[in-house]
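Participant: Attaching a single structure in structure tokens format; questions to follow.
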Amino acid sequence: MAVVLDINGPRPRHPEKAQRPDSGISRKPDWIRVKAPVSPGYFATQKIMRENGLHTVCEEAGCPNIGECWEKKHATFMIMGDTCTRACAFCNVKTGLPGALDVHEPEHVAQATAKLGLAHIVVTSVDRDDLADGGAAHFAATIRAIRAHCPQTTIEVLTPDFLRKDGALEQVVAARPDVFNHNLETVPSRYLTVRPGARYFHSLRLLQRVKEIDPGMFTKSGIMLGLGEERNEVLALMDDLRSANVDFLTVGQYLQPTRKHHEVVRFVTPDEFKAFETIAYAKGFLMVSSSPLTRSSHHAGEDFARLKAARANTVIPGRGR
């Protein structure tokens, strides 16, 4: 059968997935369901984002918590455009060749942070493999702009892996965010299928390297369940993260964006999430968030306050309390 492409039509959001066979979408259990966002706070946050020409991972990745977070004027800013150079099987962010960086974006993010009155901000990005530094300098510029406009705001970055970008990580750490987050996303055995453009042990080493550069910086990572991982693999991943001295672990349920994305192998029960939380604390994480609707940036401000309190009661090797 011949396939005719309409070259004048709109470009698909995920061209690399267009020819994949559809996978079934399982009915969500009751514990996954959330209400559609309709609150005045949600629309007020949306207006500030539009006025400043900003993207958020809340919208681009279809986060189920967007209504709750935006109602409280919490948002995760996604810098360096809305188009990613990677094509992960789980992600709903648009893929393709991104445009040039907006040199005014760091200032716009800082201005929006001030307008929202954020005490804690999360800044993430698409992967920019097309840039020599992977966008590290842009991350650093954004951190500095927020510091200048909102010196009391604490800053969390959720970065790409900067694969094959020598010196990129060091630029971001030198800008001194309060929390450095990089998600492993899944267990090593699932990388080829779920995250083919990344390398598990590179991501793990990235997190370890942050602590080597600045032992006092909080580090954080997250994974999704329901992608075909085995329980013992999740426990081994926890051990890997603790070996890298990661402070904070998030564990959430993978939700399939479209029929072209990786299927949900199973919905993990709330009780199983609670068990993983208990185990993770026993392994030595300062902070753990594990539930079906947990996302890397969900309740980030409240969690940061708890993270600082947990460290205050913990002895840091070589530094004391």
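Nothing in this text is a laboratory measurement; each read-out follows from the coordinates by a stated rule. Keep in mind that this is a model prediction, so the values were computed, not measured. Cβ placement follows ideal geometry from the backbone for every residue including glycine, while neighbour counts extend to all protein chains displayed.
Participant: So what are the ³J(HN,Hα) numbers for segment 179-195, from phi and the Karplus equation (6.51, -1.76, 1.60; θ = phi - 60°), rounded to whole Hz, Gly and Pro as x?
Facilitator: Residue by residue, segment 179-195 yields 10, 10, 10, 9, 8, 6, 6, 7, 6, x, 5, 9, 4, 4, 8, 8, 9 Hz.
Participant: Total Lys pairs in segment 148-281 closer than 26 Å by alpha-carbon, pairs eight or more apart in sequence or interchain only?
Facilitator: The result is 4.
Participant: Just to confirm the filter: which GluC sites (Glu not before Pro) across segment 222-257 are DSSP coil and have at most 16 other Cβ within 10 angstrom of their Cβ?
Facilitator: Here the sparse-neighbourhood loop sites are 230.
Participant: Using all Cα-Cα distances in segment 216-309, what percent lands in each 10 angstrom bin from 0 up to the longest?
Facilitator: In whole percents, the pair-distance histogram is 16, 49, 28, 7, 0.
Participant: Let me ask you something else. Can you compute log10 of I(q)/I(0) for segment 231-277 with the Debye formula, treating each Cα as one identical point scatterer, at q = 0.16, 0.18, 0.24, 0.25 Å⁻¹?
Facilitator: -0.58, -0.71, -0.98, -1.01
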